[in-house]
Amino acid sequence: MSDKPAAPTAAETSSERTFLVVVDDTPELLVAIRYASRRAKRTGGKVAMLYVIDPIEPQQWAAVGELMKQEAREQAEEVVHRFSELVLALTGTLPRTIVREGNRRDELLKLIAEDPGISVLVLAAATGPEGPGPLVSALASKYASTLRVPLTIVPGNLTEAQIDAIS
């Protein structure tokens, strides 16, 4: 066993913090984007957005499967572009965007493990009676020990004024 400290990661040596937000179709997404954008602007950091395309089931005809993948990718690009405009308006800079295909939780965990530039994961909790949402629930419990970055969970029912006050 060596007494020598481990080499710092890119995130530790860089003064620029990257706040990662998972883009999905939930209403609380806007809360997460606003919070991450405000924190990034205040700390001189940046925002990254991950959109995960659900896996396309294999089709009997390959051309149909490829068309479905292409359409899903185009929809993902459109959604990410729309939210990129919001991040630009809030921070003055375009976010980094990542589009992957697979299971949302698994792809998120892989990205965080692979990318040392990600500093903070920002998620907003759902406000409905079914709980905070499957991703928040999984990452705040079973998978919490696998994260190498802090997880910030923002209440999904905050107003813009409340977000601005705490960020």
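Throughout, read-outs are computed from the coordinates displayed, never taken from laboratory work. In this text the structure is predicted, and so the values were computed from the model without any measurement. Here Cβ is always computed from backbone atoms with ideal geometry, including for glycine, and neighbour counts include all displayed protein chains.
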Enumerate lysine pairs in the chain that are 8 or more residues apart or on different chains, then count those whose Cα atoms are under 27 Å apart. 4
Which ordering of THR91, THR152 is given by a fewest-first count of other beta-carbon atoms within 10 Å? THR152, THR91
Quick one: if the Förster radius is 30 Å, what FRET efficiency do THR43 and LYS110 give, using the C-beta to C-beta distance and rounding to 0.05? 0.70
Only one of the values (1) 8, 25, 27, 20, 9, 6, 4, 1; (2) 10, 42, 38, 10, 0; (3) 10, 35, 35, 15, 5, 1 was calculated from this structure for P(r) over Cα pairs in 10 Å bins from 0, in percent; name its label. (3)
Considering only the other residues whose Cβ falls under 11 Å of the Cβ of ARG73, what net charge follows from Lys and Arg at +1 and Asp and Glu at -1? -4
If each residue's Cβ is checked for other Cβ atoms within 10 Å, how do LEU86, LEU94, LEU50 rank with the fewest at the top? LEU94, LEU86, LEU50
Divide by every residue of the chain the summed helix terms, -39500 (n - 2.57) for each DSSP H run of at least 4, and state the resulting mean residue ellipticity at 222 nm, rounded to the nearest 500 deg cm²/dmol. -14000 deg cm²/dmol
Simple spin-label estimate for ARG100/SER137, 7 Å along Cα→Cβ, in nm, reads 2.2
Give me SER141, SER119, SER84 sorted ascending by neighbouring Cβ count inside 10 Å, so fewest comes first. SER141, SER84, SER119
